[in-house]
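Comments concern the structure below.
Just so you know, all these numbers are worked out from the coordinates, no wet-lab data involved. Bear in mind that the values here come from a model prediction, so they are computed numbers and not experimental data. Please note: Cβ atoms are built from the backbone with ideal geometry, for glycine as well, and neighbour counts cover all protein chains shown.
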Ligand code: C2E
Ligand code: MG
Ligand code: MG
Ligand code: MG
């Protein structure tokens with residue numbers, strides 16, 4: 001009796017593992033076809049420049065519509081990275097986002113997330129140049145966001161690619177700052193244009209003095225290194241007031257706007273542009 005119970009427990013465990021593996025395999029199989037089936041799309045989240053008091057930048061965020069649901073990048077980007085599919089998906093994102101930005105009014109920039117895996121592709125710089133040329137987008141309107149994990153690999157070719165991109169006029173941002181385990185040393189390996197403070201620091205900003213102190217220190221650090229700072233995940237007026245007071249340049253978060261459908265973003269930018277024109281005429 002005991003023996004058969006043991007066996008059934010074992011089978012249960014094995015089935016659990018199978019289900020997880022199967023889920024992964026199905027994401028992987030689906031993702032291979034996602035591009036040709038046109039199941040990928042971009043959402044756009046505007047960032048508010050606090051000095052300019054207008055949208056200064058818009059982050060492109062990937063979505064995957066598959067099997068009657070929308071799958072979050074948190075779920076499929078890791079699979080795309082492990083399988084190498086991120087290289088073609090990332091190239092699609094670059095072209096799509098540059099095309100969108102070229103259609104926006106004014107000089108609003110577009111920010112794109114790059115995976116460390118894309119840097120292993122020798123021709124990343126060429127891909128970026130091609131996307132800009134195809135969209136006829138000025139390189140100064142493109143920002144590339146990278147995470148600290150990229151610099152973990154800290155190889156010369158990565159740093160070289162970053163310098164080449166920057167020399168073209170493309171801006172480089174450090175995303176999710178403060179979540180890695182040696183964030184500060186990364187600021188020394190490359191001259192970033194922008195530091196995006198991870199939203200985990202926003203969560204307890206209003207209740208914890210240490211979070212406030214850290215944010216203040218990061219902003220000061222950015223200022224002395226010539227890097228601007230963005231606060232990610234600003235959800236309340238209270239958080240906004242605090243980061244503003246501490247001198248952050250830009251805010252991103254649900255308070256100002258969630259990620260938007262392309263048409264809604266375009267509408268927002270057009271209404272902003274016409275308001276700016278009206279106030280210019282009035283003065
Ligand atoms: P991220 O680059 O840090 O992007 C910001 C994430 O925070 C987005 O999640 C956005 O929807 C979310 N967010 C913005 N404001 C708020 C807020 O006020 N509160 C909260 N709770 N969340 C907020 P999303 O779209 O799910 O993307 C998650 C991550 O997936 C991104 O984090 C980025 O690392 C990755 N990702 C998205 N698109 C791409 C892509 O095209 N390529 C690559 N390699 N990674 C991507
Ligand atoms: Mg990002
Ligand atoms: Mg981020
Ligand atoms: Mg983040």
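For the residues 228, 185, what sequence is obtained by ranking on other C-beta atoms within 10 Å, fewest first? Walk me through the numbers on the way to the answer.
Working: 228 20, 185 12.
Listing 228, 185 from fewest to most nearby Cβ atoms yields 185, 228.
Neighbour counts of other C-beta atoms within 10 Å: give me 99, 275 arranged from fewest to most.
Values: 99 15, 275 11.
Placing the least packed residue first, the sequence is 275, 99.
Give the calculated FRET efficiency between residue 99 and residue 70 to the nearest 0.05, with a Förster radius of 25 Å applied to their Cβ-Cβ distance. Let's see the in-between values first.
Details: r = 22 Å, r/R0 = 0.86.
Once rounded, the FRET efficiency stands at 0.70.
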Taking one equal scatterer on every alpha-carbon of the range 105-231, how large is log10 of I(q)/I(0) by Debye at q = 0.16, 0.17, 0.23 1/Å? -0.81, -0.90, -1.40
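How big is the convex hull of the Cα atoms of the range 28-101, per residue, in Å³? Before the final figure, lay out the partial values.
Numbers: hull volume 7.6 nm³, N = 74.
Measuring per residue, one finds 103 Å³ for the Cα hull of the range 28-101.
Expressed as a rounded percentage, what relative contact order does the range 126-257 have, with Cα pairs under 8 Å and six or more residues apart? Could the numbers behind the result be given before it?
Working: 172 pairs, mean separation 24.4, N = 132.
Worked out over the range 126-257, it gives 18 percent.
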Debye-sum result for the range 33-175 in log10 I(q)/I(0), which assumes one identical scatterer on each alpha carbon, at q = 0.09, 0.15, 0.20, 0.21 Å⁻¹: -0.27, -0.76, -1.32, -1.43
With label points set 7 Å from each Cα along the Cα-to-Cβ direction at residue 217 and residue 156, the distance between them in nm comes to 3.4 nm
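Using the alpha carbon gyration tensor of the chain, what are the three equivalent-ellipsoid semi-axes (square root of 5 times each eigenvalue), largest first, in whole Å? Can you show the working numbers first?
Working: eigenvalues 247, 118, 90 Å².
Over the Cα atoms of the chain, the ellipsoid semi-axes are 35, 24, 21 Å.
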For residue 283 paired with residue 261, estimate the spin-label separation in nm (one decimal), with each label point 7 Å from Cα along the Cα-to-Cβ line. 3.5 nm
